[in-house]
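**Q** Please read through the structure below; I'll follow up with questions.
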Amino acid sequence: MEAIWAFIQQHIDIFYIVILSIFLGIEVISRVPSVLHTPLMSGANAIHGVVIIGAIIVMGKAEPGNYVALILGFLAVILGTLNVVGGFVVTDRMLEMFKQKKK
Amino acid sequence: MQDSLLSIIYLVGSVTFIIGLKMLSAPTTARKGNLVAAAGMALAVFGTIFLYREGDTRLHNYGWIFSALVIGSVVGVLAAKKVKMTAMPEMVSMFNGMGGACAGLISIIEFNHMQHAGGAASVGMLLTIVLGLIIGSVSFAGSIIAWGKLNGKIKDKSFSGQHIFNLLILGVIVVIAAVLVGQFVPNLQTTLFYVLTALALVYGILFVLPIGGADMPVVISLLNSFTGVAAACGGFLYNNPVMLTGGILVGSAGTILTILMCKAMNRSLKNVLIGSFGGGSGSSAGGGAQQQGNYKEISINDTAVLLAYANKVMIVPGYGLAVAQAQHVCHELESLLEERGVEVKYAIHPVAGRMPGHMNVLLAEADVSYDKLLEMEQANSEFATTDAVLILGANDVVNPAAKTDPGSPIYGMPILEVEKAKAVIVNKRSMKPGYAGIENELFFQPKTSMLFGDAKQVLQQLATEIKQV
């Protein structure tokens, strides 16, 4: 219990970020026309690909001899990249179609 | 200096995510918004690679990192470029699963690292690692099942008492996680950790497996927000603000999006997640009991004449259109009719297809003009002045039972009130009920005529006929 309190104390700024982000996310999304639900979901999907940064850090910290960490990290970076790159490209493809016939 | 540069890069990254999401929610700025977020992501990724340092040590293993980045990018771009518009939902689900798996793997590596480092682990660290593992694994397994369901590889499956069984697994997961984080049995930490991983994967599978295919969009959206939270756990772990803001933003936005989707179907999230159990048998019993009245068929010729001499035609697209890849022929038919002076519009139900907005994307691909697509309320007010409604592979979204039959599983869902129009033509492949598995009395109404066949073939034939009328 003590440890948890200490943890919250130490990271109080993070808790602020979390809470503000939650409200921000709700605020940003709630006025979306249903037309854009699919592209939006896809765009959000690409954004949570930020996990890739964690994967890069893990990979970059792994000692050269630690093959388990290297292989798993390698895999994690690939999967994260797939999420990010694929996500943004798919979203762009969807939205590109909205554009061209707009006139 | 480098540290503060990286902090600023992260700050810029977080801001681009917020602006990107904001811009994504308006049609005119959406595409730019996506690019803004992508640029922020690239900045954050390369900033991390070159500037990140822990104490005085920089990251190494650049060879591994870059080859993984290249492999991921090439495969990702190819997959995203090659996927058909109709398969978009399952592609999103697949990418989401990759993100979840990535979060899970990070947790596994960090846990191993911690075990090797020895000494007492901080509770906070352990908690975020375990949370990231559970949420990431559930999201990964669930997304893969959702992907399989949408492309028809996996059928709906449930066994009696599965609901309780699922809750039981979830309970066990919580207990093991608590033991693990509290470090009550220090010798068993590693074993418990892998048991937990396995259970989380099993839970992800069992969680999605019984949910009907029609509800997959809601599930994908929910899993999407799960992955967001898993990413945010990583942000906690590394004290990394972009991961944190990005993850939480997606977590909360995804949750809201999920709720919006449920609202469009007039169901609660609980109902979607739990209602599927047993709901299948109940609804089919109800459907079977309903009158199997007579329906009348209409020929291609007659349909062509009817449409060609109408003043106003409303097209109601559904999943059938997507499956048949008929969007281009549909646009061709629309142009032919317009040339003859017929006013053609599309009535888009918010949940038509397998994802909200699915139909819009599909029709946009075929160059159908944006202002021809009417949202539900607008369409409903125009049906009364419509001469002919052409329903292409849509079923549940035009089922009057949603308004009239309180016993129906879709009762209360807002529908397109096509029966207000003078004539209704329904194109379906057969009389089989739609995704919700219920009979549609619209098909037996005197105004309605059935035009059986694959949407694409039927539309092609219709187009040829109309040219000759």
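**Q** Going by a 1.4 Å probe on protein heavy atoms, which residues of the stretch B:110-131 end up with at least 30 Å² less accessible surface in the whole assembly than in their chain alone?
**A** Those residues are B:His113, B:Val123, B:Gly124.
**Q** If I stretch the segment between B:Val70 and B:Glu377 completely, what's the gain in nm (0.36 nm per residue apart, minus their alpha carbon distance), one decimal?
**A** Gain in length upon complete extension: 105.8 nm.
**Q** Turning to a different aspect of this structure: Determine, from the Cβ-Cβ distance of A:Glu63 and B:Lys403 and an R0 of 51 Å, the FRET efficiency 1/(1 + (r/R0)^6), rounded to the nearest 0.05.
**A** Approximately 0.20, to the nearest 0.05.
**Q** Can I ask one more? May I ask you to derive the FRET efficiency for A:Ile26 and B:Lys422 from their Cβ-Cβ distance with R0 = 51 Å, giving the value to the nearest 0.05?
**A** Between A:Ile26 and B:Lys422 the formula returns 0.70.
**Q** Moving to a separate point now. Between the stretch B:125-140 and the stretch A:21-55, how many Å separate their Cα centres?
**A** 20 Å
**Q** Follow-up. Applying the Karplus parametrisation 6.51 cos²θ - 1.76 cosθ + 1.60 with θ = phi - 60° to the phi angles of the stretch B:333-341, what ³J(HN,Hα) value in whole Hz is obtained for each residue in order, glycine and proline being reported as x?
**A** 4, 4, 5, 4, 5, 4, 4, 7, x
**Q** Okay, next question. Could you bin all the Cα-Cα distances of chain B into 20 Å bins starting at 0 and give me the percent of pairs in each, rounded to whole numbers?
**A** 21, 48, 25, 6, 0
**Q** Output the 0 to 90 degree angle, nearest 10, between the alpha-carbon long axis of helix B:455-468 and the longest principal axis computed from the alpha carbons of chain B.
**A** Computed tilt is about 40 degrees.
**Q** Something else: Calculate the mean, over all residues of peptide B:232-243, of how many other protein chain Cβ atoms lie within 10 angstrom of the residue's Cβ.
**A** Rounded to a whole number, the mean comes out at 5.
**Q** Then there is this: Give me the accessible area per residue for the protein assembly as shown, probe 1.4 Å, as a whole number in Å². Please report the intermediate quantities before stating the final value.
**A** Details: 22610 Å² over 572 residues.
In whole numbers, the protein assembly as shown has 40 Å² accessible per residue.
**Q** In terms of the ratio Rg/(2.2 N^0.38 Å) built on C-alpha atoms, what value belongs to chain A?
**A** The reported ratio for this selection is 1.49.
**Q** Of the beta bridges DSSP finds with both residues in the protein assembly as shown, what % are antiparallel, to the nearest 5?
**A** 10 percent
**Q** Quick one: if the Förster radius is 45 Å, what FRET efficiency do B:Asp302 and B:Val77 give, using the C-beta to C-beta distance and rounding to 0.05? Could the numbers behind the result be given before it?
**A** On the way: r = 48 Å, r/R0 = 1.06.
Efficiency, from the Cβ-Cβ distance: 0.40.
**Q** From Cα pairs below 8 angstrom and at least 6 apart in sequence, can you work out the relative contact order of the stretch B:1-82, rounded to a whole percent? Please list the in-between numbers first.
**A** Values: 56 pairs, mean separation 21.1, N = 82.
Averaging sequence separation for qualifying contacts and normalising by length gives 26 percent for the stretch B:1-82.
**Q** Compute the acute angle (0 to 90°) between the alpha-carbon long axis of helix B:30-51 and the principal axis of greatest extent of the alpha-carbon atoms of chain B; round to the nearest 10°.
**A** That helix lies at roughly 20 degrees to the long axis.
**Q** Step through the residues of the stretch B:123-138 one at a time and calculate ³J(HN,Hα) from phi using the Karplus curve (6.51 cos²θ - 1.76 cosθ + 1.60, θ = phi - 60°), rounding each to whole Hz and writing x for Gly and Pro.
**A** Rounded to whole hertz, the list is 4, x, 4, 4, 4, 5, 4, 5, 4, x, 4, 4, 5, x, 5, 4.
**Q** May I pose another question? With the full set of protein chains in place, find how many percent of the accessible area of the protein assembly as shown is carbon and sulfur; take the probe as 1.4 Å.
**A** Of the solvent-accessible surface of the protein assembly as shown, carbon and sulfur hold 65 percent.
**Q** Sticking with this one: Give me the extension gain from B:Gln460 to B:Phe159: residue separation times 0.36 nm, minus the current Cα-Cα distance, reported in nm with one decimal.
**A** Working: separation 301, 0.36 × 301 = 108.36 nm, distance 4.33 nm.
104.0 nm is the gain from fully extending B:Gln460 to B:Phe159.
**Q** I've got another one for you. Gap in Å between the Cα centre of the stretch B:378-397 and the Cα centre of the stretch B:1-44?
**A** 41 Å
**Q** Any idea what the dipole of the protein assembly as shown comes to, in debye rounded to 20, about its Cα centre with Lys/Arg Cβ at +1 and Asp/Glu Cβ at -1? Please report the intermediate quantities before stating the final value.
**A** Values: 37 positive and 35 negative charges, 102 e Å.
Computed about the Cα centre, the dipole is about 500 debye.
**Q** In whole Hz and in residue order, list the ³J(HN,Hα) couplings for the stretch B:3-9 that follow from phi through the Karplus curve 6.51 cos²θ - 1.76 cosθ + 1.60, θ = phi - 60°; x for Gly and Pro.
**A** 4, 5, 4, 5, 4, 5, 4
**Q** Suppose a student asked you for the relative contact order of the stretch B:86-274, using Cα pairs under 8 Å spaced at least 6 residues apart; what percent would you report?
**A** The normalised contact order for the stretch B:86-274 reaches 27 percent.
**Q** For B:Val179 and B:Ser335, compute 0.36 nm times the residue count separating them, minus their Cα-Cα distance, and round to one decimal in nm.
**A** Working it through step by step, the gained length comes to 49.6 nm.
**Q** Here is a further query. Relative to the first principal axis of the alpha-carbon coordinates of chain B, what is the inclination of helix B:216-238, with its axis defined by its Cα atoms, in degrees from 0 to 90 and to the nearest 10?
**A** The angle comes out near 20 degrees.
**Q** Something else: What value, in deg cm²/dmol to 500, does the helix sum -39500 (n - 2.57) over DSSP H runs of n ≥ 4 give at 222 nm once divided by the residues of the protein assembly as shown?
**A** For the protein assembly as shown, the value works out to -21500 deg cm²/dmol.
**Q** Further, regarding this structure: For the pair B:Ala198/B:Glu343, report the inter-label distance in nm, with labels modelled 7 Å from Cα in the Cβ direction.
**A** Each label point lies 7 Å from its Cα, and together they span 6.5 nm.
The values are calculated or read from the model by the stated rules, or taken from the named source; none is laboratory data. Because the structure is predicted, anything quoted here is derived from the model rather than measured. Glycine gets a Cβ as well: all are built from the backbone with ideal geometry, and neighbour counts include every protein chain shown. To get the accessible areas, we keep the full protein, side chains included, count just its heavy atoms, and leave off ligands, DNA and RNA. Shrake-Rupley method; radii C 1.70, N 1.55, O 1.52, S 1.80 Å.
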